[in-house]
Structure formats: structure tokens, C-alpha cells
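Take a look at the structure set out below.
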Amino acid sequence: MSIWIKGGDLVDPERGVIEQSDLIVERGIIAKILPRGTFRDAGPRLRVIDASGKHVVPGLVDMHVHLREPGEEYKETIATGAKAGVVGGYTSLACMPNTIPPNDCSSVTEFILRQAQKAGLARVYPIGAITVGQKGDVLTEFGDMKKAGAVGVSEDGYSVANSELMRRAMEYARFHNLTVICHCEDTRLSAGGSMHEGVVSTRIGLPGIPSASEEIMVFREIALARLTGTPVHIAHVSTEGSVNLIRRAREDGLPVTCETAPHYFHLDHNAVIGYDTRFKVNPPLRTSADVEAIKRGLSEGVIDVIATDHAPHSPMEKDLEFDRAACGMIGLETALPLTLALVKEGVFGMAEALRRLSYNPSKILGIPGGVLRVGGLADLSVIDAEMEYAMKEEDFHSKSKNSPFIGMPLRGRNDLTMIGGKIVWQRDTAHIDR
Ligand SMILES: [Zn+2]
């Protein structure tokens, strides 16, 4: 059966344009892209999707999620995380290795891909750990994990403290053509902290994490990128200093890319004043000056990617004293409206927003996606950019509900997700083609 996606505004982040075009999808690929109103062939085998008033965009690609399987299935499984992803407009997810056991060998990588296959929803791309057990001592077998399907390596959740080991990791990753994703944290400096170190932490009496704990490691990764020539991707940038370091590295022509997450451009450390643990995240929410710097970085293109750092936790880890609670918040079902808010604000245009949510992360990971072109994979989402609503706890498809954006007015949401030409999720009907 063919599908006609009719009447929508087609967003092309690669060329930076929005066009009134209809899409014909056949056998999993985009068979035709035609100017609106020019397609006439309504045979019985043609299913029509009315996208008028909506944007048709390349499926979103989240290069930083925690799916919690294996080991913490009570927080999230690959199936529930993939479901939350497709509801949020994502067609591809790259999952971080800090599971139990960590994804530090090919058998775990293969397990993740098998579970993703079973779920039959979003495409899942495993990221392998850099060191065995994420203990920081011995490099994992990059080649084995790559062969099993890993697309990158990261020590996310931790940092590789040993610079010599990180240098070798970059050299091996380059040899195996794996993307290096750096969680930047000097853990000696951040130890014991539970929020940003600044006036608010002093006032409310919580131990702080200085911006320097992030920036020291951002500087080191840039220095190692210069030394090894290996492209590095800096995860969840949260400070003005990090944005400035990355801007300078790019001006020097170094192969450095980076991401931030929606909470770093919507929330600052004042959110922590009520001790609500949903606002506890690592790196922590910073100052309003940092928030402005992140927006500037996004606007200028210094920040390439908006990822979610989707980090599900159960009440067991969150309903605790602030300093004992786990770090992280879910994000797959709110990232789209939170990013579209920047379009409304004038930080960047719609096509630029999609570049950061879809095109750039695909390119950085070296995976398909991020474009809508004739002959290409039909991985796409249909979004209603004007829809206004608020999320209630029961609206989330993620197994965990630790979102600080519950009840907040949002604008813009995904209405349909197609992967490889199959509609895997559609609002209202919740229809799934199998
Ligand atoms: Zn991280």
C-alpha cells in the first residue's frame, strides 16, 4: 500500500527550507515529493494522511537517551523507551551504556538490538562503554562492539578521568570509525555536590557543583581532539564557559561538536529552591546567564544538537532528600515543544530547529535520517506546531514520570510517526501497523 501525506509544510533541515509539498511513500521509501495540489492518483491502494496545517519533518533523532535495559527495567525498558520516543516524534534513539551490566561488550550490544527489534518501534543505536564496567581502567573491545552494531563510544554517566586512557580511546575510536561522546565532569571537583555551585546553593544550603568541573573536562577533550585528530562530541553542555571553549575550538578548525538538552535552555538553578528532586540533574541546572549563553550557542550554531538525556527514575530514587535523590529527568515526550518554544522566541527558525533535532545528530552518529528526499528512507513525523496543551503524569508513555515539565503550558506536539514507511504511532487512533 502507498501512503499520500497531503497538504503539509515539508521541512528540509539540510537545505534550510520549508516547502508546501506532498509526499508519496511506497515500500518504505519516499517515492515522490510533489508541489501541493499537483498529485492526482487516488487509487484504492492509496492511504491518505491529511497533514494540512501541520509540518512534515524528518523523524527526530535523539543521540542521548538512557533506556535502562538491561538491569533497571522497573524504570524503563527498551520497549517503553522506544514507545515514548515515537510518541515524542523520534524515529531513532542512541542509548547510553550505563545499564546494569553496562554495554561494555558485544553480547550486551546484541541484546539491546534484539530487544529493540522485538519492540518494533524506534530504531535503536547502542553506544558502547569506553572502559570495562565503566570503571575507568581498561578499554573495551571497540571493534567487537562496532561489529555487533554500536555506533559510538561514551563513558556517559561517568567520565574517563585518566587522560592517557582517553587519548587511546580516541585513537581506537577513530580507527573503528566510532563517534566519541564525552560526558565532561571532573568527578573529584563535583563530588558531593547536588546542584550548581552559586548564590542559590549557598542560600538554600545544598552542596554545589562548580561550572569548572564541566569546563575542565571540555577543555581536556578539545585538547585531545587536537592531539589525536579524532572528532569528539561533547554531551549535555550546560555552562557559558563550555560554549565559549567549543566556539573557540571550532574557530581553530577542530572537529568538535556538541549537544545541549531542553532543560538547560528552559530552567535555571532557581528551580531547585523548592527542593523538588525532579529538578536534580547532572550536569546541574546553571544560572540565567548560562541559559542565555546556551541559547546564543544554539542560535549561532555552536551547539549542533538538542538531545534529551532522557533519564528515567522511579519514586524509589526520586522521592528522597534532595542530596540523596538520583540525577536525571525524562525528556523524550517534551523535547519537541520545548525546542519549538525557541522558534517562537526567535532563537532560530523551524528548519534550524530540525537541524538540531534530526539532521545534525544523524550526521554526527553516521546513521540514516535527518533528511526527506526522493529515494530515501521514509522516517518522518507529522507535527502540529501550534497545538497548546499541558502534560499530565498519566499522559507519559515512559515507564517513569520524573519530568519537571508536568503541568507547564506547552505548544507543539507530534501527531504521527513513520519509520521505514510504516506508521508506528498516530495520535487519537494510537494505530500501529505491523
Ligand atoms: Zn552524561
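The values are calculated or read from the model by the stated rules, or taken from the named source; none is laboratory data. Note that the structure is a prediction, hence the values are computed from the model and not measured. Every residue, glycine among them, receives a Cβ derived from its backbone with ideal geometry; neighbour counts consider all protein chains shown. When the accessible area is computed, the model is the full protein with side chains, heavy atoms only, and any ligands, DNA or RNA have been set aside. Shrake-Rupley method; radii C 1.70, N 1.55, O 1.52, S 1.80 Å.
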Study note, to complete from the structure: All-but-one check, residue 269 against (1) surrounded by 19 or more Cβ atoms within 10 Å (Cβ to Cβ); (2) more than 16 Å from the ligand (Cβ to nearest atom); (3) more than 20 Å from the chain's Cα centre (by Cα); (4) more than 18 Å from residue 328 (Cβ to Cβ), failing number (4)
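Results for (1) of a type in the set (Lys, Arg); (2) surrounded by fewer than 18 Cβ atoms within 10 Å (Cβ to Cβ), shown as yes or no for each residue.
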residue	(1), (2)
47	yes, yes
50	no, yes
53	no, yes
68	yes, no
84	no, no
102	no, no
125	no, no
Practice item. List every residue pair whose Cβ atoms sit under 7 Å apart, with the two residues 6 or more apart in sequence or on different chains, where the first one lies in segment 143-161 and is modelled with pLDDT under 95 and the second, anywhere, is crowded, with 20+ Cβ neighbours inside 10 Å and not in a loop (DSSP other than H, G, I, E, B). Key: 157/134; 158/134; 159/217
Practice item. Could you tell me whether segment 339-360 includes any residue that is within 16 Å of the ligand (Cβ to nearest atom) and not in a loop (DSSP other than H, G, I, E, B)? Key: no
Check your understanding: With 163, 201, 213 as the choices, which residue is of a type in the set (S, T, N, Q), surrounded by 18 or more Cβ atoms within 10 Å (Cβ to Cβ) and over 24 Å from the mean Cα position of the chain (by Cα)?
Key -> 201
Practice item. Look through segment 272-309, keep the residues that are hydrophobic (A, V, I, L, M, F, W, C) and over 22 Å from residue 88 (Cβ atoms), and return whichever of them is surrounded by the fewest Cβ atoms within 10 Å (Cβ to Cβ). Key: 289
Point to revise | residue 188 open to solvent by 40 Å² or more (accessible area, probe 1.4 Å) and within 17 Å of residue 218 (Cα to Cα) | key: yes
Check your understanding: Before we move on, is residue 93 hydrophobic (A, V, I, L, M, F, W, C), outside any loop (DSSP other than H, G, I, E, B) and crowded, with 24+ Cβ neighbours inside 10 Å?
Key -> yes
Review point. Which of the residues spanning segment 401-425 are in contact with a Ser or Thr (Cβ under 7 Å, 6 or more places away or on another chain), within 21 Å of residue 92 (Cβ to Cβ) and open to solvent by less than 10 Å² (accessible area, probe 1.4 Å)?
Key: 414, 416, 417, 424
Revision key, fill the gap. Counting only residues that are farther than 29 Å from residue 418 by Cα and either in a strand (DSSP E or B) or charged (D, E, K, R) (or both), segment 123-153 contains a total of 7
